[in-house]
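What follows is a single structure, written as structure tokens, with notes after it.
The values are calculated or read from the model by the stated rules, or taken from the named source; none is laboratory data. Treat the numbers as computed from the prediction; the structure is a model and nothing was measured. Using ideal geometry, Cβ is built from the backbone for each residue, glycine included, and neighbour counts are taken over all protein chains shown. The area values use the complete protein model at the heavy-atom level, side chains included, leaving out ligands, DNA and RNA. Shrake-Rupley method; radii C 1.70, N 1.55, O 1.52, S 1.80 Å.
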Amino acid sequence: MKLLMTLTLILSFQTMAQDRFFNDEGNLMEIVTEEPHAHEGEVEHAAPFTPEQEEEYFETHFDSRRKAAFPTRNWNECANRVVTGNYLNYRCTRQRNVSNILFNFMMENFDRCVDKAADSIGLQMRDFHIVHKGIFGDANHSPRSLHTPGRAIDIADIVVTTNSKKVKINFRSDGRGTFYKTFRQCWGQAVISKNNCPAYKGQSGLTGSIGKENKNHQRHLHVSVPYCIGGKHAGNYFWR
């Protein structure tokens with residue numbers, strides 16, 4: 001399976017208002033705290049598309065033939081009953097394009113894994129929200145990257161809502177902490193059991209995600225659904 005991206009994009013856009021949340025006392029909580037960045041010197045995981053670039057890409061390159069190869073759907077980030085989110089420094093959108101495989105996996109496992117992660121640091125989760133840095137990769141991504149078919153999402157923050165407060169767990173500052181370790185172990189176990197994947201380097205916490213152990217993933221957590229559903233495409237498993 002190969003997708004070549006040759007699109008050159010020259011875009012300008014007006015900075016949009018940051019997404020904000022309010023706690024139960026009505027106090028404003030800023031969710032966005034860090035600037036977008038590129039992965040210097042890295043090809044496979046270069047910066048995912050901005051929302052404008054993603055829209056332009058699908059309008060000009062994602063024709064019916066490629067849709068057949070990479071089935072996609074829209075994720076309503078604003079009101080999905082299981083997982084809500086927004087692109088870093090942007091408001092949520094009701095039409096975030098995502099592969100069917102990643103969407104279904106998120107719907108089946110994100111809530112459960114965030115709940116386990118929250119419990120690991122003493123939080124009783126009532127709801128959660130993710131702040132991400134994109135799904136589909138830009139023209140500098142390797143065709144082997146799981147961003148290319150929309151099977152990966154880069155997570156900057158996970159915001160946990162309890163009965164009394166909202167707690168933002170920022171990957172940049174807490175990526176080695178108990179919360180993200182627990183989340184990654186849960187996600188990896190789901191990849192192993194549901195997709196018949198081997199544990200990457202024998203560790204569920206490294207399966208289907210890339211984080212602080214990689215020098216180019218210090219500010220976000222790369223979460224993916226590898227190519228080994230039902231044991232198929234096992235040779236491509238490490239093309240994460």
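For region 102-111, a residue qualifies if it is under 20 Å from Gly205 (Cα atoms) and open to solvent by 60 Å² or more (accessible area, probe 1.4 Å), and the qualifying residues are Glu108, Asp111.
If you check Asn170 against the conditions, is it farther than 22 Å from Ala199 by Cα and either hydroxyl-bearing (Ser, Thr, Tyr) or touching a strand residue (DSSP E or B) at 6+ places or on another chain (Cβ under 6 Å) (or both)? Criteria met by Asn170.
Candidates are the residues of region 191-211 that are open to solvent by 30 Å² or more (accessible area, probe 1.4 Å) and in a loop (DSSP other than H, G, I, E, B); the one that is farthest from Arg176 (Cα to Cα) is Asn196.
From the list Val131, Val114, pick out the single residue that is open to solvent by less than 10 Å² (accessible area, probe 1.4 Å) and over 15 Å from Ser209 (Cα atoms). If you could, list the steps in order and put the result at the bottom.
Details: Val114 fails: over 15 Å from Ser209 (Cα atoms).
When all the criteria are applied, what remains is Val131.
Output the number of residues of region 179-190 satisfying the condition of being surrounded by fewer than 19 Cβ atoms within 10 Å (Cβ to Cβ) and under 21 Å from Phe103 (Cα atoms).
The first filter runs over region 179-190 and keeps only residues surrounded by fewer than 19 Cβ atoms within 10 Å (Cβ to Cβ), leaving 181, 189.
Still in the list and also under 21 Å from Phe103 (Cα atoms): 189.
So the count comes out to 1.
Within region 136-161, the set of residues being open to solvent by less than 10 Å² (accessible area, probe 1.4 Å) and modelled with pLDDT of 90 or more comprises Ala152, Ile153, Asp154, Ile155, Ala156, Asp157, Ile158, Val159, Val160.
Restricting the search to region 169-178, which residues are over 16 Å from the mean Cα position of the chain (by Cα) and either in contact (Cβ under 8 Å) with a residue 24 or more places away in the chain or crowded, with 18+ Cβ neighbours inside 10 Å (or both)? Before the answer, list the steps.
Residues of region 169-178 over 16 Å from the mean Cα position of the chain (by Cα): 173-174, 176-178.
Arg176, Gly177, Thr178 - these are the residues of region 169-178 that are over 16 Å from the mean Cα position of the chain (by Cα) and either in contact (Cβ under 8 Å) with a residue 24 or more places away in the chain or crowded, with 18+ Cβ neighbours inside 10 Å (or both).
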